[in-house]
1. Apply the Karplus parameterisation 6.51 cos²θ - 1.76 cosθ + 1.60, with θ equal to phi minus 60°, to every residue of the range B:175-181 and state each ³J(HN,Hα) to the nearest whole Hz, in sequence, with x for glycine and proline.
2. Counting only other chains, and only Cβ atoms inside 10 Å, what mean value do you get across the residues of A:303-310?
3. Would you please classify the overall shape of the range A:139-300 from the alpha carbon gyration tensor, given that a ≥ b ≥ c denote the square roots of the eigenvalues, rounded means a/c under 1.5, and beyond that prolate means a/b larger than b/c while oblate covers the rest?
4. Return the ratio Rg/(2.2 N^0.38 Å) for chain A, where Rg is computed over Cα atoms only.
5. Which value, in Å to one decimal place, does the Kirkwood hydrodynamic radius take for the range A:321-432 when every pair of different Cα atoms is included?
6. With a Förster radius of 30 Å, plug the Cβ-Cβ distance of B:L187 and B:H32 into 1/(1 + (r/R0)^6) and report the FRET value to the nearest 0.05.
7. What is the angle, in °, between the Cα long axis of helix A:201-215 and the longest principal axis of the Cα atoms in chain A? Nearest 10 is fine, range 0 to 90.
8. Got a sec to turn the phi values of the range B:276-285 into Karplus ³J(HN,Hα) couplings, 6.51 cos²θ - 1.76 cosθ + 1.60 with θ = phi - 60°, whole Hz, x for Gly and Pro?
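Rule-based calculations on the coordinates, nothing more; no lab input. Quantities reported herein were computed from a predicted structural model and do not represent experimental measurements. Positions of Cβ are backbone-derived with ideal geometry, glycine not excepted, and every protein chain shown enters the neighbour counts.
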There are 2 protein chains.
Amino acid sequence: MMKAIQIGLLGLGTVGSGVVKIIKNHQDKLMHQVGCPVVIKKILVQSLHKTRPSEVDPALLTSTPSDILHDPEIDVVIEVMGGVKETKEYLLSALRQGKHVVTANKDLMALHGSELLTVASENGCDLFYEASVAGGIPILRGLVDGLASDRITQMMGIVNGTTNFILTKMSQDGLNYEDVLKEAQELGFAEADPTSDVEGLDAARKMTILATLGFSMNIELDDVQVKGISNITEEDLRYGKQLGYTMKLLGYAHREGEKVEVSVQPTFLSDNHPLASVQNEYNAVYVYGEAVGETMFYGPGAGSLPTATAVVSDLVGVMKNLRLGVNGRSAVTPQYPKRLKDDNEKYSKYFLRIHVQDEVGVFAELTSIFAKYGVSFEKILQLPVKKNETSEIVLVTHKASLTNYDAILYELNDLPAVKEVKSAYRVVRKSI
Amino acid sequence: MMKAIQIGLLGLGTVGSGVVKIIKNHQDKLMHQVGCPVVIKKILVQSLHKTRPSEVDPALLTSTPSDILHDPEIDVVIEVMGGVKETKEYLLSALRQGKHVVTANKDLMALHGSELLTVASENGCDLFYEASVAGGIPILRGLVDGLASDRITQMMGIVNGTTNFILTKMSQDGLNYEDVLKEAQELGFAEADPTSDVEGLDAARKMTILATLGFSMNIELDDVQVKGISNITEEDLRYGKQLGYTMKLLGYAHREGEKVEVSVQPTFLSDNHPLASVQNEYNAVYVYGEAVGETMFYGPGAGSLPTATAVVSDLVGVMKNLRLGVNGRSAVTPQYPKRLKDDNEKYSKYFLRIHVQDEVGVFAELTSIFAKYGVSFEKILQLPVKKNETSEIVLVTHKASLTNYDAILYELNDLPAVKEVKSAYRVVRKSI
């Protein structure tokens, strides 16, 4: 029997407990694949006295990081404790001592992925992070290995389960944002402080990681334009439904020539888009490659066991490399220098809902602004007059540059006849 | 600069031309990933005089297999010529001479995969075959690497584009099978002799490959129960629609305990199942793992460039291994001995459409047969009396074993009051 591969686990929360469970339950399969036993040697926790799942042997627990980071017998460090600053130091220390690392930490990878990967490579170590994006969906391997020969030009992702759950419920039950958020919090699909999810920051971190890999370009978190879902109304969703659109918080990464754009924003997807049918807390990433065309990867974006599956599958990759003696060679440095599109190179269709004075000539005034910027319409709904002499106009534009769109919004808000631009969203149709 | 990796290409049809194009167009990306140039050295064709795509240098063409199989400078053989008997000999010869093999040949892998993989392993060679299942979708890597740590209990696949195109059109346009088949043939989505596609044989070959990998068990083509789509009527699809079902030719692989079942058959999927929205010629494979839960991989199942993407991505895998000196270690022998479920262990819900005499007591007679076998109903539609004193009854059963289902069908056909069992399909709902 070969010597066991020994693991140090940093963190024993939801995902950490899942990792312990999978390594225990699937020991046979792991053994069959890598030819030796896999043993968790130590687990770093904050409190030694908290009650733990029954799978966990209390003798493994430690609250001293160096018990793991400086244990020469530990081959692989699995990081599922979260956090950025301190965690980064732990992982750098582990890598510098020749330990391979598997992490589920999107915040850390989005902010310091490039530095960590460099240190891993310098020390001949693997650093795998499949679980950091879209939980149980093997999307990073899909990009790196499965589509290795293709040139990826577009990635669109529903990569945050909380917001997808909220938007699905709002749309299906005709409820408003606040009520659904409360329900989501009660069901455990949203955190007590939901800001990072509902304002799009969590999705932006994942898009940073995806865009960096998919475009082979060092995309940083600050490069991602972000807008959240907290202003979406149930009324917006109803209009969308009439037009054949489904609202999603969409991560959008697009490459044209040598330039890219990356954003996270509420988006109306046409109902026949493969992403439109992704409901509740599920995630999916749609990838367009020049040769392969449209593909989509669908699955659970979070949760103890799904995320732990991705972590342990990464561990299998590390262990296979260990057995073959080829660790530390998988990190590919970006092929291209970062080049971001300017706003006048970012094109999209837009949905606008505008409240105007119910007067003769207003519609002409309004449309002349769009005409001035060369933007035409795909659809126009003028709706029955409402109270207070207000009329509601719903427009879907043909493609406009972000520069022109911003200018149009500015002029609309300036127009005396416009009472309020109630809402404005990007629109994505079936074909790119 | 490192020495170039040299390729021998067997076949220059649709997929072969795609491979030439991708290797040419994406040379930079390939070079970046593997650190050396990739060169196609020779291409085996049947006719040296046929007109070829402009990317192909005529000097590379040969009609003599040994020009490739016995060229010591060729590192990797890519097989996209199709066929089984002769092709198998070519690949065995290549492997025995230490050449790595990438193949897109599902017929070959379904029939002789196990033997070829053994020979590859004995000779320290890689044998990759991602393109053999679901064209451009990296599903085999998803199973082997992405879900490496999980225990897969169910795979359901729409793995034949021709039949999915036909069923989508029949359902959307209310057309009958023959008319849509003709249209599909004209559009190039169905072959002149469509038997292998429409009778489910093509899908069965792919399910053989998927089940062997996913269950780590040597499943053979003969183990797959197969039924095609040529008897499906537009009327069936209309009834399905009323009940909230979409018809798909579904590859179904299920594991319970140590036993598995694999089949390909027309199946009513409930509309909210992720596979139900996979339309036209697209493919998708739904995978259920004990830990990860539901995942789905979606994309083009065929076509020159999508399939070639999978082939060249496999080539990248071979080349990375070559550079690391670790070829021939990826084939994992099946972990489990083959154990197939008996018919009384295969459970499913069923849809039945039955024409009966319009007489008192017929319905009671009919249902008493189901009761005798302990099968109850989820839904019953008794429909308006039709001409010739015939009444139509549509039933959806709760789960029944295949043994009982077969016995019920036998007795129904024997009942004097039953004019005809018009159709009978498996039903799959959202949750497993």
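1. My calculation for the range B:175-181 gives 9, 8, 3, 4, 5, 6, 4 Hz in order.
2. 5
3. Prolate, because a/c is 1.5 or more and a/b exceeds b/c.
4. 1.10
5. 16.7
6. Once the sixth-power term is evaluated, E becomes 0.20.
7. Tilt of helix A:201-215: around 80 degrees.
8. 5, 8, 7, 10, 6, 8, 5, 10, 7, 10
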